[in-house]
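See below for the structure under consideration.
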Amino acid sequence: MSDSRLSRSALAGSGLAPTRPDGTGIVHLGLGNFHRAHQAVYTAAALAEDGGRWGILGVANRSRTVTDAMLAQDLLYGVVEISPSGSRVSVPGAHTGVMVAAHDPAAVVRAIADPEVKIVTITVTELGYTFSPLTGALDLESTAVQHDLAQPDAPTTTVGQLARALTVRARTHGCPITVASCDNLLGNGDRTAALVRQFLVRCGADDVLDWLNTSVTFPNSMVDRIVPSSSESYDAESTARLGAADAIAVPAEPFTMWVMEDSFVAGRPRWEAGGAVFAQDVEPYELMKVRLLNGTHSLIAYLGALDGCSTIPDSIGRPFVEAAARAVLVDEYLPTVPVPDDVDIEDYIAQLFVRWSNSALGHRTAQVGSDGSAKLAQRIPTPALYHLRNGVVPQHLSLTLAAYLCCVCPPEGFDPGPHARAMADPARARLAGLAASAASSEDVVRSVLERGDILPVELAEFPEFITRTAELMDTVVRHGPMAAAVEAASSSLRPVVTASRATLD
Ligand code: CS2
């Protein structure tokens, strides 16, 4: 370990010292690893090429671990880019400040309301948008949302923070601003805009809505980079390469992609310098990424965890997982994806398998499998409904749901193993209660779908999907995930023939 801490002066003359931003033009909500290895890297590239006032004020939600360490390191950290053929470390250095929202909610509002700030970027995960899975609208049952509506000056939710800060902007200087969601939500910009509007109406700030129409934009975007959790080994690697102690290195794969609508009403950095792409219509990229990458990723995580794999590369290294991943991707997700014109889909798919196999990265199955109750709703329903309405049971989407339920609400007496137990999910207690009162797997699946608070209730209209998912759960429990995958493959894309329909015919 080096004795000196990472700092701008420690990097002087190393060729790694980043360009210092001239001011703060961006507030970022969600100072996690993904932001630090994605938007911050693109912003650093833009600063290196163009300079300017595009420094980032990074806002962590609750924890001060990263903010304290960043403050102790001149706001710097290494991004350790890892592939089996080697690694490299770079230091983005795009941040100009950090804060913890929970410690001073009013400071977050002031920061976003500052007229010098032109963009708010957001990575708060699917869960951070506080919408109801049942309605897609602002979750009025959420105590955090209720708190923020009652006390809009001290907001604790992302939507509450945005709504309050935009209200202050509208009622004071009125300078325009862009709100750019960078989470894996379909239509992430439109969704954020709708939630902010609902919040404003609910808290009696309707006067802000007209200003919002003319002065605030919410571009949709597709973001992509596999970024595992931190670990001491990455810190050690960054420290060794930089010659200065780095306690908060971020590991990342070499691949990175960012496609956005170019509607930044108050200007933006030249993110193209880092390879960002601006497109008129981002939806095809979002659908491709959220279904082919994220959707398949979920299946790899749940099957792998159930088979004792701690990492995604271990899991995809099992031939039965690889086969199931290929089947769900090619047969079940791909037909529902309008492939963007500039993407060679064969290459894209081949690259996904290489990325998932990056054994040096150690991306954990528990990380990808966490929060499935919020993630799966983005990934599974539309493709599943597409096949079911065409008279086909999508076996591997069924398998994804079956494996998820086996991981987070295992049937009585079934131990899904340590990696499944390590998956965090806000729905765990709710699902466990439901499983405890169910008479069979079929009961569990039916109640989950009929409640509509994890996947949309339309899926409950297909008894064949319920039965198949329950059968696959039972196979996982009795014979393991490989047997379930074999069973799914052997009946892949079989036509729907239910008792009731057979009788009707
Ligand atoms: C993963 C994503 O955890 C997950 O659900 O599918 O975090 C994935 O690694 C990123 O979206 C890649 O861009």
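The values are calculated or read from the model by the stated rules, or taken from the named source; none is laboratory data. This one's a predicted model, so the numbers in the text were calculated from it and none came from an experiment. Reconstructed Cβ throughout: ideal geometry from the backbone, glycine too, with neighbour counts over all protein chains shown. Please note that ligands, DNA and RNA were not included when accessible areas were found on the heavy atoms of the full protein model with its side chains. Shrake-Rupley method; radii C 1.70, N 1.55, O 1.52, S 1.80 Å.
Of everything listed in (1) over 20 Å from ALA266 (Cα atoms); (2) in contact with a Pro (Cβ under 7 Å, 6 or more places away or on another chain), the single unmet condition for ARG53 is (1).
Residue count for the range 197-215, restricted to those that are charged (D, E, K, R), free of Cβ contacts under 8 Å to residues at least 24 places away in the same chain and not in a loop (DSSP other than H, G, I, E, B): 2. Restricting SER90, SER7 to those that are at negative phi and either in the same structural domain as ALA245 (by TED's automatic domain parsing) or surrounded by 18 or more Cβ atoms within 10 Å (Cβ to Cβ) (or both) reduces the list to SER90.
Residue by residue, here is whether (1) under 21 Å from ALA60 (Cβ atoms); (2) within 18 Å of the chain's Cα centre (by Cα); (3) open to solvent by 30 Å² or more (accessible area, probe 1.4 Å) holds:
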residue	(1), (2), (3)
LEU140	no, no, yes
ALA150	no, no, yes
GLN161	yes, no, no
THR172	no, no, yes
ALA180	yes, yes, no
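Test PRO228 against the criterion of being open to solvent by less than 10 Å² (accessible area, probe 1.4 Å), away from the ligand (no atom under 16 Å from the Cβ), part of a loop (DSSP other than H, G, I, E, B) and in contact with a Phe, Trp or Tyr (Cβ under 9 Å, 6 or more places away or on another chain), and give yes or no. Answer is no for this residue. Counting only residues that are acidic (Asp, Glu) and open to solvent by less than 20 Å² (accessible area, probe 1.4 Å), which one in the range 236-265 is nearest to the ligand (Cβ to nearest atom)? Here the answer is GLU253.
Restricting attention to the range 368-386 and to residues that are of a type in the set (A, V, I, L, M) and more than 16 Å from the ligand (Cβ to nearest atom), the residue that is surrounded by the most Cβ atoms within 10 Å (Cβ to Cβ) turns out to be ALA384. For the range 46-81, the set of residues classified as more than 23 Å from LYS118 (Cβ to Cβ) and either open to solvent by less than 10 Å² (accessible area, probe 1.4 Å) or in contact with a Lys or Arg (Cβ under 7 Å, 6 or more places away or on another chain) (or both) consists of ALA72, GLN73, ASP74, LEU76, TYR77, GLY78, VAL79, VAL80, GLU81, listed by residue number. For TYR348, the criteria (1) open to solvent by 20 Å² or more (accessible area, probe 1.4 Å); (2) over 14 Å from the mean Cα position of the chain (by Cα) hold in every case but one, which is (1). If you filter the range 100-138 down to residues that are modelled with pLDDT of 95 or more and on the phi > 0 side of the Ramachandran plot, you find that the one that is least open to solvent (accessible area, probe 1.4 Å) is THR130.
Out of the range 387-406, which residues are part of a helix (DSSP H, G or I), open to solvent by less than 10 Å² (accessible area, probe 1.4 Å) and not hydrophobic (A, V, I, L, M, F, W, C)?
Correct list: GLN395, HIS396, SER398, THR400, TYR404.
Of all positions in the range 354-362, none carries a residue that is open to solvent by 20 Å² or more (accessible area, probe 1.4 Å), more than 12 Å from the ligand (Cβ to nearest atom), under 30 Å from PRO176 (Cα atoms) and among the β-branched types (Val, Ile, Thr). THR467: among the β-branched types (Val, Ile, Thr) and open to solvent by less than 20 Å² (accessible area, probe 1.4 Å), yes or no? Taking the combined requirement at face value, the residue does not satisfy it.
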